[in-house]
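Colleague: Quick one: this structure, given as structure tokens, is what I'll be asking you about.
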Amino acid sequence: MKKTAKRVARQRMILGLMLLCVVLSAGMLARPAGDIPLFGYEYDNGLPVAERGPHERVGSTFRDDGFIQDPESGFTRLQDVILLPPPDHIPPEINSRARVTPQYLEQLMDFTYVRTRIFLEDPSTMLLPGDIDVYEFIHADLRIDPTAPGPHVLIFHTHSTEWFIDTERYNPATGIVVVGRYLAHVLSEHYGLEVLHYTGSFDMPDGRPQVMGAYCRMEPVITALLAENPEIQLVIDLHRDGVRDGVGPFTRYVDGLPTAQLMFFNGLSRRNVNGQPVPTAWLPNPFQRENLQFSFQAQLAANQLFPGLNRRIYLRAYRFSLHMHPRSIFVEVGNQYNTLQEAKNAMHPLARILADVLLAGDYS
């Protein structure tokens, strides 16, 4: 009875958010072409796909290899599961270390240094001095309680069909979703975190690849999932970057292994219009400062633990998937020229970076 009530409440929330999404879509379509957001935030006239709950398996055929056959799309995909730590797991000791020397702190207090060495601004937006308080960001306590009932971490993929050079294009069961499952495994097995990996496809409505509208289709599902699991303390939207033809893979070596580079990504809900900052009022993000704090601390940890692995934090207009939870992070893993194994190799360093923020804490 309790599960039925929760399901009904979730369905009502999703319907309400879908209606809001449709209203926003109409408003977006009425805007001049120069006002239409890019990078997956374009809205189309199609309604969001029907929500498939994380634990509902109606009409799906289970397979022995951990995938399910979805009769609606014809594709196989990973089952949505909660990964639990081993019963005898002993959490590793994540030592807090002095990461910011007085000399480095002096550099970080220079806005120009931070703007050009820590962040990379897309021309679509602009970073303002008031966005970054280095002292506040360094000392923000972003730790979680790994002993609390879980799941502690949610991993999902707004763009589930992103592939690698040696995987099948547009098949959610072979690309970035597989990398997400591996990250869930590492966080669970090595760091004792309970992880919910949601593998629904938002960029394949009706079984056909369609990036346009994916963020709109994603929002009601993930919002409802968070409402149903309020114990979640970190949300990860895991992606694979896309580059121009001929650029080649983003690869570094970590412990002798070829490893796809990582990049954290933040939307500023602000556009650069002829050199003037213009807020995207129709796409607010109440957690923007917390999002920036998290990626900032994670970037400092990455630069110390794995020098050269992380590209600069990429800043773009709009909000993407970062407005639903204060501890949200958007991660790009390599690009379409990297191999699946290189992307999976990056999950151990990424998990260690996240653990440094979530389980160690003190950056002073």
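Colleague: For region 149-165, just list the computed ³J(HN,Hα) in residue order, Karplus coefficients 6.51, -1.76 and 1.60, θ = phi - 60°, integers in Hz, with x standing in for Gly and Pro.
Modeller: Per residue, the Karplus-derived 3J(HN,Hα) values read x, x, x, 8, 10, 10, 10, 9, 9, 4, 10, 6, 8, 5, 10, 10, 4 Hz.
Colleague: Viscosity 0.692 mPa s, temperature 37 °C: give me the Stokes-Einstein translational D for region 116-251 in µm²/s, with Rh taken as the Kirkwood radius over C-alpha pairs.
Modeller: Taking Rh from Cα pairs, D becomes 189 µm²/s.
Colleague: Still on this structure: Hey, can you grab everything whose amide H is under 5 Å from the amide H of Val81? Only 5+ residues off in sequence or another chain; H modelled, so Pro and N-termini drop out.
Modeller: His197
Colleague: Can you send over the carbon and sulfur percentage of the accessible area for region 222-364, probe radius 1.4 Å, protein chains only?
Modeller: About 50 percent, which is the carbon plus sulfur part of the accessible surface.
Colleague: What's the ranking of 145-152, 242-249 by average number of surrounding C-beta atoms within 10 Å, highest first?
Modeller: 145-152, 242-249
Colleague: Another question, if that's okay. Calculate one ³J(HN,Hα) per residue across region 255-265 by plugging θ = phi - 60° into the Karplus curve 6.51 cos²θ - 1.76 cosθ + 1.60, and present them in order as whole Hz with x for glycine and proline.
Modeller: 6, x, 9, x, 10, 5, 5, 10, 8, 7, 9
The values are calculated or read from the model by the stated rules, or taken from the named source; none is laboratory data. Not measured: the values here are computed from a predicted model. Every residue, glycine as well, gets a Cβ built from its backbone with ideal geometry; the counts of neighbours run over all protein chains shown. These accessible areas exclude ligands, DNA and RNA; they are computed on the full protein's heavy atoms, side chains included. Shrake-Rupley method; radii C 1.70, N 1.55, O 1.52, S 1.80 Å.
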